[in-house]
Amino acid sequence: MKIYNKKIKLKTLPNKYFLITDYVRDVVRKSGIINGFCIVSNLGSTGAVIINEYDPSLMDDLRNLLEKIIPKEKDYNHPFNSYSHLRTMLFGSSKIISIKDNDLELGTWQEIIFLEFDIKQRSRNILVKVIGE
């Protein structure tokens, strides 16, 4: 079994969403691993990784939904950016994706998306760990 690690550096803006599928796919291809899986993980507690369609209207719908269930303006116990942590807890900071023929096994409209929930610009490290043969 082979293991390949690479960090993707991502500069983000507050409460914006970023398409990272091509970056992850590039890591998988460079790994040389034909069949296995990869783990995509944000090394931070206020940003999430999801797999879904990356459509601007759908991303707006997601923002609107999150504002209803975990609003920014609320009296939370944790200071400053509690909603950022709570939103990340809802989605999780990592995903596992199957690899076949040295490529990601994603559905037709599926993309890997990084959700930045923090209140300020960040320099993120997204770990891509590829495991297989």
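All of the numbers you see were taken from the coordinates with simple rules; none came from a lab. The shown structure was predicted, so the numbers you read here are calculated from the model rather than taken from an experiment. Glycine also receives a Cβ, built like all others from the backbone with ideal geometry; neighbour counts cover every protein chain displayed.
Relative to the dominant Cα principal axis of the chain, helix 82-91 is inclined by about 40°. For P56, what is the net charge nearby, where nearby means another residue's Cβ is under 13 Å from its Cβ and Lys, Arg count +1, Asp, Glu -1? My count for the surroundings of P56 gives -3. Give the residue list of trypsin sites (Lys or Arg not before Pro) in the stretch 1-50 that are DSSP loop and have at most 15 other beta-carbon atoms within 10 angstrom. Filter output for the stretch 1-50: K16.
Summing +1 for each Lys or Arg and -1 for each Asp or Glu among the other residues whose beta-carbon sits under 12 angstrom from that of S31 gives +3. Per-residue Cβ neighbour counts within 10 Å put L115, L127 in the sequence L127, L115, beginning with the fewest.
Build a GNM of the chain with springs between Cα atoms under 10 Å apart, and of L62, L13, L86 the one that fluctuates most is L62. Candidate cross-link partners of K6 among the lysines, defined by an alpha-carbon separation under 20 Å and a same-chain spacing of 8 or more, comprise K30, K95, K100, K129. Restricting the calculation to Cα atoms, the stretch 2-132 shows an Rg/Rh of 1.00 when the hydrodynamic-style radius is the Kirkwood one.
Among the GluC sites (Glu not before Pro) in the stretch 42-91, those located in a DSSP loop and surrounded by at most 14 other Cβ atoms within 10 Å of their own Cβ are E53, E73. Angle between the Cα long axis of helix 21-31 and the longest principal axis of the chain, 0 to 90 degrees, nearest 10? That helix lies at roughly 30 degrees to the long axis.
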